[in-house]
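Working notes, beginning with the structure itself.
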Amino acid sequence: MNESISDLKTRRHRGVWGWILISLLIAVIVLAVIGEIVVHRAMPILKGRVIETLSTRFNSRVEMDGFSVSVLKGLEVSGDGLRIYPQDEVVAAGAKDALISLGHFSFHASLSGLFVKPMHVGTVHVAGMAIHIPPREMRQQAPKGQRHLGKIKILVDEIVFDDSKLIIGTIKPDKEPKEFEMSRIVMRNVGPDAPWRYDATLVNAIPKGDIHATGTFGPWNNESPGDSTVTGRYTFDHADLNTIKGIGGMLSSVGEFGGQLNRIVVDGTTETPNFSLDTANHPVPLHTKFHAIVDGTSGDTYLQPVEARLGRSEFTCSGAVVNVKGKGHIIDLDVNVPAGRIQDFLQLAVKTTPVVMTGRLQMKTKLHIRPGPESVAKKIGLKGGFVLEQIHFSNPEIEDKVDMLSLRAQGDPKAAKPGAEDVPSEMVGEFVMDAGRLSFSKLNYSLPGADVMLAGEYTLDGERFEFAGKVRTKAKVSQMVASRWKSILLKPVDPFFKKDGAGAVIPVKVSGTKSAPKFGLDLHH
């Protein structure tokens with residue numbers, strides 16, 4: 001009987017506690033619903049407080065199209081169309097775009113996280129962010145010493161940005177704003193007193209490919225956003241150079257960078273195992289190591305310098321890639337080839353197979369590529385000088401003619417036969433390349449017994465040669481023929497060709513095509 005009474009009391013206590021728990025649960029639900037209703041009705045007030053806080057922090061106008069808060073499952077916040085503008089003085093100077101705009105944002109935080117300092121938030125999602133950094137000249141209009149930043153009082157584990165872009169403005173009428181598209185950015189441990197770590201994927205339009213970068217950003221400089229610090233390392237794989245009209249190949253690059261958004265210093269390397277120009281379509285391996293400065297205010301890039309290797313030829317270049325509004329870029333470089341191989345450059349640029357000649361090359365030239373939609377071959381220009389040594393012509397007919405010319409010029413015509421031993425020779429020239437043609441104002445070719453001085457041009461497709469000039473020989477005209485009778489007959493002619501201390505000065509011309517070159521006297525001179 002006592003056990004039954006005890007069991008009954010126990011069941012009653014359990015029932016009471018059960019009802020208490022159920023009542024508390026119902027009360028919590030009711031309070032949550034009431035809180036949700038109160039929060040919903042207070043939404044305009046909360047939205048106003050958010051806008052006011054951001055406006056105070058950035059000392060500028062803030063707009064937001066939509067804002068919602070829920071406390072049913074912790075704190076859930078989302079918003080649409082958030083726009084934070086530059087300071088009024090900067091806007092008055094001409095900066096019309098929002099400094100920061102967010103298409104949509106949302107985050108969730110546990111209620112317990114609201115009561116710790118700094119407040120803790122797990123993950124924030126942002127879509128459609130755009131950062132417009134006004135030109136420096138406009139930013140300088142902002143009042144100094146009036147920053148109302150305070151400290152960030154929120155610690156965020158992770159912020160995920162999708163489809164973002166950074167635009168660095170310029171006031172120069174001939175420049176386009178510098179724009180970077182970022183398909184995805186993940187920032188971690190975003191909070192006070194330290195730069196923020198990021199992992200980003202940038203979309204590179206030309207050459208087409210994705211750049212993956214990791215590093216740190218910040219702290220954000222509200223007074224001068226362009227001076228905000230950024231550092232990192234990047235990889236750029238499978239960049240298709242065929243997206244640049246006139247060139248081809250698959251480029252990859254790795255490197256590191258640092259500085260401010262206005263001025264970023266980049267050090268890296270590139271590998272293009274199959275670099276080509278459409279004038280030849282002969283792939284040649286290209287490796288570069290570069291030090292570059294990216295001027296965010298103008299969109300210009302300064303190369304200081306680039307160390308490159310084309311095939312087996314090493315060279316350096318320095319200069320600038322200049323942004324031109326509405327047209328693209330102008331590329332101006334000083335190129336120095338201290339000890340290259342002419343065949344590497346001919347293989348890249350000229351269709352002729354095999355290349356016209358081989359030899360050791362020294363060259364200094366200015367390279368200019370104008371902007372525009374045409375292929376690189378039609379836009380590229382070169383102007384400079386070169387020295388070629390140890391020259392050998394790949395066409396046996398041309399090489400034989402050169403070797404026989406040397407023997408005749410030395411007064412040994414009987415040895416001047418096809419298959420004669422190759423003679424050492426050297427070429428010095430000054431040239432201009434433009435519109436697919438290579439023109440020589442000076443082309444001096446020296447070989448034993450003779451100096452050939454020419455001027456003229458040939459097309460890079462190898463379809464036309466046109467040179468004219470003079471040949472100075474050590475031997476007289478009568479000494480350059482094997483037949484004794486011809487030599488006797490030519491002796492009266494010797495005085496007409498003997499000039500300036502040379503045995504003979506003979507006007508010559510070289511014309512024709514790569515497959516049928518023609519050598520002969522220039523009777524018009």
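Only the coordinates and a few stated rules stand behind these numbers; no lab work does. Keep in mind that what you see is a predicted model, and the values were worked out from it rather than measured. Here the Cβ is made from the backbone with ideal geometry for all residues, glycine too, and neighbour counts use every protein chain on show.
A compact table of results
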| quantity | calculated |
| --- | --- |
| Global geometry of the stretch 344-399, whether rounded, prolate or oblate, following the gyration tensor of its Cα atoms and the 1.5 cut on a/c | oblate |
| Under 15 Å from Lys476, Cα to Cα: aspartates and glutamates that are on another chain or at least 8 residues apart | Asp412, Asp451, Asp494, Asp500 |
| Karplus 3J(HN,Hα) series, Hz, for the stretch 296-306 with 6.51 cos²θ - 1.76 cosθ + 1.60 (x for Gly, Pro) | x, 6, 10, x, 7, 10, 10, 9, 9, x, 10 |
| Overall form of the stretch 257-330 per C-alpha gyration tensor (a/c, 1.5; a/b vs b/c) | oblate |
| Shape call, the stretch 395-521: gyration tensor on alpha carbons, a/c limit 1.5 | prolate |
| Whole-Hz couplings from phi, Karplus 6.51/-1.76/1.60, listed for the stretch 307-324; x for Gly and Pro | 9, 10, 9, 10, x, 10, 9, 9, 7, 10, 8, 9, x, 9, 10, 9, 6, 10 |
| Listed residue pairs exceeding 32 Å between alpha carbons, taken from Lys245/Lys401; Lys491/Lys518; Lys73/Lys178; Lys172/Lys383; Lys172/Lys208 | Lys245/Lys401; Lys73/Lys178 |
| Charge context of Lys379, other residues only, Cβ under 10 angstrom, K/R +1, D/E -1 | +1 |
| ³J(HN,Hα) computed for each position of the stretch 226-242 - Karplus, 6.51 cos²θ - 1.76 cosθ + 1.60, integer Hz, glycine/proline x | x, 8, 5, 7, 9, 9, x, 10, 9, 10, 9, 10, 6, 7, 7, 5, 5 |
| Between the stretch 158-172 and the stretch 400-448, the Cα center-to-center distance that results, in Å | 58 Å |
| Burial order of peptide ranges 316-324, 332-340 (average beta-carbon count within 10 Å, highest first) | 316-324, 332-340 |
| Amide H partners (placed H, <5 Å) of Gly372, local residues excluded | His329 |
| Mean projection area, nm², convex hull over Cα of the stretch 229-370 | 8.6 nm² |
| Length added when fully stretched, His287-Asn444, from 0.36 nm per residue minus Cα-Cα | 53.3 nm |
| Residue-count net charge about Gly501 - beta-carbon cut-off 15 Å; Lys, Arg +1, Asp, Glu -1 | +3 |
| Filter on Lys351/Lys378; Lys414/Lys474; Lys289/Lys351; Lys442/Lys499 - keep pairs with C-alpha separation over 18 Å | Lys289/Lys351; Lys442/Lys499 |
| Ranked packing of 59-66, 448-455, most packed first, by mean Cβ within 10 Å | 448-455, 59-66 |
